[in-house]
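Here, each number is a calculation from the coordinates, and none is a lab measurement. What you see is a predicted model; the values in this text were computed from it and never measured. Every residue, glycine among them, receives a Cβ derived from its backbone with ideal geometry; neighbour counts consider all protein chains shown.
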Amino acid sequence: MDNDTKLKVTFCSGAGTVTGANFLIEGNGKKFLVDCGLIQGEKVAEDLNWDKFPYEASTIDILFITHGHIDHIGRIPKLIAEGFNGRIISTIPTKEITEVMLADTAHLLSRDEDHNLAEIYSPENIKKALSLWETIEYGQKLNVDHGFQFSYKDSGHILGSGMLEIIYNYRKIVFTGDLGNSPSPLLRDTEKIKDVDYLFMESCYGDRNHEDRDERKNKLMEIIKQNYDRKGTLIIPTFSLERTQELLYEINTLVEWNLIPKMSIFLDSPLAIKLTAIYTKYEKYFNPTALKIIRGGDEIFNFIGLKMTDTTDESKAILHAPDPKIIMAGSGMSNGGRILHHEKNYLPYASNTILLIGYQSVGTLGRSIQNGTKKLHIMGEDIHVKAHVEMISGYSGHKDSDHLVEFVADTANTVKKIFLLMGEPKSAMFLAQKLKDNLGVNAYTPIAGEQVVIDC
Ligand SMILES: [Zn+2]
């Protein structure tokens, strides 16, 4: 760039869609990336992921990671394969979560017969990424030459999630990553932002509000009890990261307060089991209420009836475990993982229940179930859905429409422009209008591939 006060931002992917976060910042002779996520939809990895990045990976100085969800980290091995040799920066838990998530994704993608996975997702590239990785604490400032300063604020979305705050030429630029649905049972609230000049924010739930939070625990309790009375199996497709741990914590409370009858509860996901161990290790990042319960002696991710089934044999044996029972398994949108076996086995019977507790992306099996589709094709078989389909949206890990507006309100007096990312166009555009109407701010919805110049 000719002018040192200008920064160019390219929305390489992750604009006009929820997944594939990858944003390039260029200015004053430096190049930074924010996130390097997998583009997901019908498949764990869409074909687009195999396209070359629209920049020379070897010229990037630093890759900043906002959090360990695969749509924010999933193309890091590919970035390495294309020659990236810079620094990678994140919070401490994000690095450990990434290590587990990338290994799991490599395993999932190894079944993709259409693509030569080894070239982009090799164990060597994952290892190299981790060797380039440095961690910083929330609030710790990282100064980079040419006048850039970076730090993370807690976004309250998953363990380790951070908003990236950039100070350059006395201007403040914030990339929110995903914003948590605070208050979360486990995590601290999203930190407030102020004095921001340019805000790049997520808009996943830009056009919708969640159910009331108190509702959701009651609804969970009711669904568990109704399924118990029908002597059925309750299957819950769960995102292994955060949602599983929140759910375990809430079921822990229901069990320990005798609010639900005793039954077997299976956590049927090796990935979720590994991630739960990381949550236990880093419980110091939890909110004060959760910390108080832990310090009172409660193991919040462990209760009577809970069985963690790591091996395939243990997983297969669940089918023979007596009803009523509960099975939590991944993936959360039913686009892979052990949940498919359970859906095949349990969806055809009216005594059973499937409970959807998270965002179901367009094109996924989870979205079809959510839409009430009665005839599904699962693992090569036609399945007629007779099970009860229940939904609780209050478990979303994302701020809803009203709370996104509330988040912006703290900095409405200074913000020059807001770029709405990581949302489907309908959602992002609705939020843009709502922000303009409610706060009088300038909100814009870029499309994938678009470049903007911000004047610092
Ligand atoms: Zn996320």
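With Cα atoms as the point set, the radius of gyration and Dmax of the range 363-441 evaluate to 18.4, 56 Å.
As a rough guide to protection, the peptides 171-179, 327-335, 287-295 ranked by mean Cβ packing within 10 Å, highest first, stand as 327-335, 171-179, 287-295. If you wrap the tightest convex hull around every Cα atom of the chain and split its volume per residue, you get 131 Å³. Only lysine pairs 8 or more places apart or on separate chains count here, and in the range 229-305 those with Cα atoms under 25 Å apart total 5.
Each peptide in 395-403, 50-58 receives the mean, over its residues, of other Cβ atoms within 10 Å, and ordering these scores from highest gives 395-403, 50-58.
For the range 1-126, a Kirkwood radius taken over Cα pairs fed into Stokes-Einstein (10 °C, viscosity 1.306 mPa s) yields D = 107 µm²/s.
About the centre of its Cα atoms, the chain shows a dipole size close to 580 debye [charges on the beta carbon of Lys, Arg (+1) and Asp, Glu (-1) only; nearest 20 debye]. Couplings 3J(HN,Hα) of the range 172-186, computed from phi: 10, 10, 10, 9, 6, x, 8, 9, x, 7, 5, x, 8, x, 10 Hz, in residue order, whole Hz [Karplus 6.51 cos²θ - 1.76 cosθ + 1.60, θ = phi - 60°; x for Gly and Pro].
By the compact-protein rule of thumb, 2.2 N^0.38 Å, the alpha-carbon radius of gyration of the range 167-254 corresponds to a ratio of 1.51. About its Cα centre, the range 213-395 has a charge dipole of approximately 180 debye under the convention of +1 per Lys or Arg Cβ and -1 per Asp or Glu Cβ, with nothing else charged. Averaging 1/r over every pair of different alpha carbons in the range 44-183 and inverting the result gives a Kirkwood radius of 15.8 Å.
For the chain, the longest principal axis of the C-alpha atoms and the axis of helix 92-109 are separated by about 70°.
With the gyration tensor restricted to C-alpha atoms of the range 238-325, the semi-axes of the equivalent ellipsoid amount to 24, 17, 9 Å, longest first.
Counting every pair of alpha carbons in the range 213-395, the share spaced more than 24 Å apart comes to 34 percent.
Our helix-only sum for the chain, with -39,500 (n - 2.57) per DSSP H run of n ≥ 4 divided by its residues, gives a mean residue ellipticity at 222 nm of -8500 deg cm²/dmol. Sorting 73-80, 318-325, 107-114 by average packing, meaning the other beta carbons within 10 Å per residue, from highest down gives 73-80, 318-325, 107-114. Under 27 Å of direct C-alpha separation, and excluding same-chain neighbours fewer than eight residues apart, LYS434 reaches these lysines: LYS8, LYS153, LYS172, LYS192, LYS194, LYS399, LYS416, LYS417, LYS426. Considering only PHE286, PHE239, THR312, and ranking their Cα positions along the charge dipole of the range 213-395 that arises from unit charges at the beta-carbon of Lys, Arg, Asp and Glu, the one farthest toward the positive end is PHE239. Under the rule of at least 5 residues apart or a separate chain, name every residue whose amide H is placed under 5 Å from the amide H of GLY41. Amide H neighbours of GLY41: GLU46. With N as its number of residues, the range 113-265 has a Cα radius of gyration that, divided by 2.2 N^0.38 Å, comes to 1.42. Simple rule: put +1 on each Lys or Arg Cβ and -1 on each Asp or Glu Cβ in the range 342-435, find the dipole, and look at TYR346, THR373, HIS398; the Cα lying farthest toward the positive end is THR373.
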